[in-house]
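Okay, so here's the structure we're looking at.
The values are calculated or read from the model by the stated rules, or taken from the named source; none is laboratory data. No experiment lies behind these values; they were computed from the predicted model shown. Reconstructed Cβ throughout: ideal geometry from the backbone, glycine too, with neighbour counts over all protein chains shown.
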Amino acid sequence: MARRSQESTKQIERIIVSVQKGSQEALGAMQNSNEQTQKTLAVAREAGIALNVITAATKQITEGNLSIASATEQQSQVAREVDSNLINMRDVSVQAASGANQIHVSSRELSSLAGELNVMVKHFIF
């Protein structure tokens, strides 16, 4: 009976060591994931800022070009093609602005998730 008890104790010790190792690996993975999330969040924020700058500049360019296009509307087909291309640029600009807004919203959600992940990681640490 003492032998069985000793074997059971050793088996429990092995299980505990295995669980601790798994917990440490999971903690390491979560910390790595948290670091990657923070880096991704920073990149997403920078991209959002850059897209906002591009959108503003594109909007100014589009507004100027639309004025020129309306003044030259009665000119040749080439001028009409330029006008059409400028309208396409405006659409891309609107899409870029929409994408920037989506990135901004995603960045906030990612930041929130990063905070939640930090809380979860702290539970594993303590």
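Per-structure values
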{"item": "One residue from ILE61, ILE49 being of a type outside the set (Asp, Glu) and touching a Ser or Thr at 6+ places or on another chain (Cβ under 9 Å)", "result": "ILE61"}
{"item": "Subset tally (residues that are closer than 13 Å to SER111 by Cβ and polar (S, T, N, Q)) for the stretch 15-43", "result": "4"}
{"item": "Condition met for GLN95 (more than 30 Å from VAL119 (Cα to Cα) and either at pLDDT below 90 or outside any helix (DSSP H, G or I) (or both))", "result": "no"}
{"item": "Residue check for ALA50: closer than 21 Å to ASN118 by Cβ, exposed (fewer than 15 other Cβ atoms within 10 Å of the Cβ) and without any contact (Cβ under 8 Å) to a residue 24 or more places away in the chain", "result": "no"}
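Okay, residues lined up against (1) farther than 22 Å from GLU116 by Cα; (2) modelled with pLDDT of 90 or more; (3) loosely packed, with under 13 Cβ neighbours inside 10 Å; (4) acidic (Asp, Glu):
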| site | (1), (2), (3), (4) |
| --- | --- |
| SER18 | yes, no, yes, no |
| GLY22 | no, no, yes, no |
| GLY28 | no, no, yes, no |
| VAL43 | no, no, yes, no |
| THR55 | yes, no, no, no |
| LYS59 | yes, yes, no, no |
| THR62 | yes, no, no, no |
| GLN75 | yes, no, yes, no |
